[in-house]
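Read through the structure below, which is laid out as structure tokens, and then see the notes.
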Amino acid sequence: MKIVMLGAPGAGKGTQAIKIADKYGIPHISTGDIFRANIKNGTELGKKAKEYMDQGLLVPDELTTNLVVDRIQQEDCKKGYILDGFPRTIPQATCLTEALASLNDALDYAINVDVQDEKIVTRMGGRRACPNCGATYHVKYMAPKIEGICDTCGAELILRADDEPATVQKRLDVYHAQTQPLIDYYNEKGILKTVDGDKDLNEVFSDILAILEA
Ligand code: AP5
Ligand code: MG
């Protein structure tokens, strides 16, 4: 099963992608997580990505596309995978389609998690992220067992630098300009499925499972 998650920043792509990956035993590939790990480790890629991410802008296509095309050809991706945060532009989507076609392959689903902008800005203020392992929480909707501490690794949780309200607004603008056109792109390919991401996160997951098991 090869799935792409679409949706605005904060729509819940990561939250749902982790649940799907867990249920089907396939890798969850998040370009945002890959960039954040590179920033943490001080790599050249991390240094370049940080310049864009801190401003709420997209990292240039050439830095993302090769990375993903290499990743999906690794052994653990044979049974499928779930891409979260990639593709994010039409050129990225075209490269992915072409790379898969050259392997005689194609995506099965593009799942669009739909949430209105107004809801996103308030939701992001409550997100907390683990700077060590990348786990994500929400102060109200997905609270850690001990306030401010990661359930998985015990590190202190932070508000991601790009979750400050002004940067969230910038990311939403970038989303509408550069990423939203992918909804039409995948609709035309006949693999688009939209779920209401404003529901409780377990309900959103049930709606996604209903699509994948249909
Ligand atoms: P990335 O890390 O992908 O960020 P994003 O797309 O902005 O999305 P988020 O991770 O912020 O949101 P999400 O949809 O995963 O929501 P989550 O599940 O956490 O990318 C960061 C940056 O990296 C980009 O801005 C760009 O610079 C760069 N980048 C990455 N990929 C790139 C690419 N392909 N090309 C170029 N640049 C790239 O949920 C949000 C919060 O809401 C959480 O607190 C969660 O607990 C809560 N929540 C989730 N679902 C619900 C629900 N149903 N109800 C209530 N709360 C919920
Ligand atoms: Mg995410």
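The values are calculated or read from the model by the stated rules, or taken from the named source; none is laboratory data. Since the model is a prediction, treat every value here as computed from it, not as a measurement. FYI the Cβ positions are ideal-geometry reconstructions off the backbone, even for glycines, and counts take in every protein chain you see.
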Meets criteria (β-branched (Val, Ile, Thr) and more than 26 Å from Lys79 (Cα to Cα)) for Thr31: no
Flag for Thr31 being within 10 Å of ligand 1 (Cβ to nearest atom) and touching a His at 6+ places or on another chain (Cβ under 9 Å): no
Identity of the residue in segment 79-93, at pLDDT 95 or above and assigned to a loop (DSSP other than H, G, I, E, B), that ends up surrounded by the most Cβ atoms within 10 Å (Cβ to Cβ): Pro87
Qualifying residues in segment 106-128 (those that are at pLDDT 95 or above and hydrophobic (A, V, I, L, M, F, W, C)) - the one surrounded by the most Cβ atoms within 10 Å (Cβ to Cβ): Ile111
From Leu157, Leu58, Leu96, Leu103, residue being touching a residue at least 12 places away in the same chain (Cβ under 8 Å), more than 23 Å from Asp198 (Cβ to Cβ) and exposed (fewer than 14 other Cβ atoms within 10 Å of the Cβ): Leu103
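Results for (1) hydrophobic (A, V, I, L, M, F, W, C); (2) within 26 Å of Ile3 (Cα to Cα), shown as yes or no for each residue.
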{"residue": "Ala106", "(1), (2)": "yes, yes"}
{"residue": "Asp117", "(1), (2)": "no, yes"}
{"residue": "Met124", "(1), (2)": "yes, yes"}
{"residue": "Val139", "(1), (2)": "yes, no"}
{"residue": "Thr152", "(1), (2)": "no, yes"}
{"residue": "Leu157", "(1), (2)": "yes, no"}
{"residue": "Val168", "(1), (2)": "yes, yes"}
{"residue": "Arg171", "(1), (2)": "no, yes"}
Number of positions in segment 66-91 that are closer than 23 Å to Leu172 by Cβ and more than 16 Å from ligand 2 (Cβ to nearest atom): 3
Of all residues making up segment 165-190, the number that are over 18 Å from the mean Cα position of the chain (by Cα), of a type outside the set (D, E, K, R) and more than 21 Å from Val59 (Cβ to Cβ): 3
Matching residues in segment 36-55 - criterion: being touching a residue at least 24 places away in the same chain (Cβ under 8 Å) and not in a helix (DSSP H, G or I): Asp54, Gln55
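Residue-wise test of (1) closer than 30 Å to Gln116 by Cβ; (2) of a type in the set (Lys, Arg).
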| position | (1), (2) |
| --- | --- |
| Lys13 | yes, yes |
| Gly32 | yes, no |
| Gly46 | no, no |
| Asp54 | yes, no |
| Thr64 | yes, no |
| Val68 | yes, no |
| Cys77 | no, no |
| Ile90 | yes, no |
Of residues in segment 17-35 being assigned to a helix (DSSP H, G or I) and more than 10 Å from ligand 2 (Cβ to nearest atom), the one surrounded by the fewest Cβ atoms within 10 Å (Cβ to Cβ): Asp22
